[in-house]
Amino acid sequence: MSDPKRVAIIGAGMAGLTLARALAGHATVRIFEKSKGIGGRMATRRIEDVSFDHGAQYFTVRDPRFRDMLDAAAADGAVERWNRDIVLLPAAQKNVHRADNTRYVGKPGMNALPKWMARDCDITFNAEMSSISGTPGNWTVMTEAGEHGPFDWIVATAPAPQSAALLPPAFAHHAALHTTGMNACFTLMMTLHPGAATPFAAARLDDPVINWISRNDTKPGRDDAPCLVVNAGPEWSDRHVEAPLESLRAQMLEAVRLYIPLETAEAESAVIKRWRYANVARPAGQPFLLDREQQLASCGDWCIAGRVEAAFQSASQLADALLPALRETTP
Ligand SMILES: Cc1cc2nc3c(=O)[nH]c(=O)nc-3n(C[C@H](O)[C@H](O)[C@H](O)COP(=O)(O)OP(=O)(O)OC[C@H]3O[C@@H](n4cnc5c(N)ncnc54)[C@H](O)[C@@H]3O)c2cc1C
């Protein structure tokens, strides 16, 4: 029997972790993650003892494999339903909760699910991969700490433009990576005064600047002061992606005030975050990109749609296609 194949995965978000779990036991898998934490856009940040889900707000479930995993995570307390209604504004307040659209969140923060998934994974943090060199079956990768490898296979799960910059020119699917479109998003996180009442737990907004406001503390397991997460809309975010953050913060606060009165201290607490690649405007239109000859692949939400479940599906389907190749013995 030959040695297990060595696989390097770029990114410890939903796609990277799903793939690592699916390949476990069939290959030696190592994840390289540029940030210091797990989850990618399934992100939770603490600001002065208040936690904010400043990436994905919730997720929905239709795929049976995703449901099986969530059931296991829920049994361990890492996932729970978020039962609060979402209203549409400024239209007459209309409840958009639908029976087939149950919403779930990580508990106590959105990143609890990726943390749960990562328990048995080999992850190197603060490891931004800057280049990939070598030949199929003998790839090495470069991070600030130096060279790592060799690896038989490399899979990039970073957002499409970042994966395109990393994968060697020989990768057969650069055209698909380049036609994929992603939107930016600016997110505001702000703490309200104790006992603050808001007219809704979450709202989708038809507004030129912002498209989402939620009371993050209404999600299960958040033991936090009242707090808001606000997202800017994709067109506005794309138009202002390089603008100074302070001016964008002020414009977003002005927009929030149309829906929720803010005290000075509340507005002053607002912290803005820029996501350069947040949502998927134009998906690749194929569930994953696999180059068997070069032994390179790529997957992520951007293959299918800008949703947590789509990232899971993309990586699961890539794993299905990759497993037979990993079992092949080296000549
Ligand atoms: C503001 C916002 C709101 C959202 N709301 C929702 C929602 O309500 N519901 C929903 O279903 N989805 C939502 N999404 C989308 C959802 O978060 C994504 O679909 C999903 O998390 C994508 O997972 P992924 O693994 O494909 O990518 P990512 O989570 O982006 O993971 C990629 C990982 O690769 C790492 N990486 C990148 N480059 C390198 C490199 N060179 N070297 C090493 N590591 C690297 C990144 O740090 C990251 O951890 C939202 C996203 C944002 C930003």
Q. Looking at the chain, do any whole DSSP H helices span at least 24 angstrom along their long axis by alpha carbon and average -1.0 or above on Kyte-Doolittle, and which?
A. 308-327
Q) For the pair Ala165 and Arg119, how long in nm is the line joining their label points, each one 7 Å along Cα→Cβ? A) 3.6 nm
Q | Packing-based ranking, highest mean first, of 30-42, 76-88 given that Cβ atoms within 10 Å are counted | A | 30-42, 76-88
**Q.** Contour minus Cα-Cα distance for Asn83 and Asn138 (0.36 nm per residue)
**A.** 14.9 nm
Q: Would you calculate a helix-derived [θ] at 222 nm for the chain, using -39,500 (n - 2.57) for each DSSP H run of n ≥ 4 and dividing by the full residue count, to the nearest 500?
A: -7500 deg cm²/dmol
Q. Expressed as a rounded percentage, what relative contact order does the chain have, with Cα pairs under 8 Å and six or more residues apart?
A. 22 percent
**Q.** In the chain, lysine pairs with alpha-carbon atoms under 21 angstrom apart (chain gap of 8 or more, or interchain)
**A.** 10
Q. Remind me, relative contact order of region 162-241 in percent, using alpha carbon pairs under 8 angstrom and six or more residues apart?
A. 33 percent
**Q.** Cβ-based net charge around Pro220, under 10 Å, with every Lys or Arg adding one and every Asp or Glu removing one
**A.** +4
Q: Compute the length gained on full extension between Ser247 and Gln286: take 0.36 nm times their separation in residues and subtract their Cα-Cα distance, giving the result in nm to one decimal.
A: 10.2 nm
Q: Among Arg282, Arg103, rank each residue by its count of other Cβ atoms within 10 Å, from fewest to most, as a rough exposure measure.
A: Arg282, Arg103
Q) So what are the radius of gyration and Dmax for the Cα set of region 182-331, in Å? A) 20.2, 69
Q. Once the piece of chain linking Arg46 and Asp223 is laid out straight, how much longer is it, given 0.36 nm per residue of separation minus the C-alpha distance between them?
A. 62.5 nm
(Q) Using +1 at the C-beta of Lys and Arg and -1 at the C-beta of Asp and Glu, which of Ala56, Ile86, Gly109 has the Cα lying farthest in the positive direction of the dipole of the chain? (A) Ile86
**Q.** Spin-label proximity, Thr264 to region 23-54 - amide N less than 13 Å from point 7 Å beyond Cα toward beta carbon
**A.** none
Q) Two-decimal Rg/Rh of region 127-171 from alpha-carbon positions, Kirkwood Rh? A) 0.93
Q) Based on the Cβ-Cβ distance from Asp206 to Ser2, what FRET efficiency comes out when R0 is 51 Å, to the nearest 0.05? A) 0.30
Q: Restricting things to alpha carbons, find the Rg to Rh ratio for the chain using the Kirkwood radius for Rh.
A: 0.99
Q. More than 17 Å apart: what percent of Cα pairs in region 1-56 qualify?
A. 48 percent
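Taken together, the values in this text are just the output of simple stated rules run on the coordinates, not laboratory data. Since we're looking at a predicted model, the values are computed, not measured. Backbone-built Cβ (ideal geometry, glycine too); neighbour counts: all protein chains shown.
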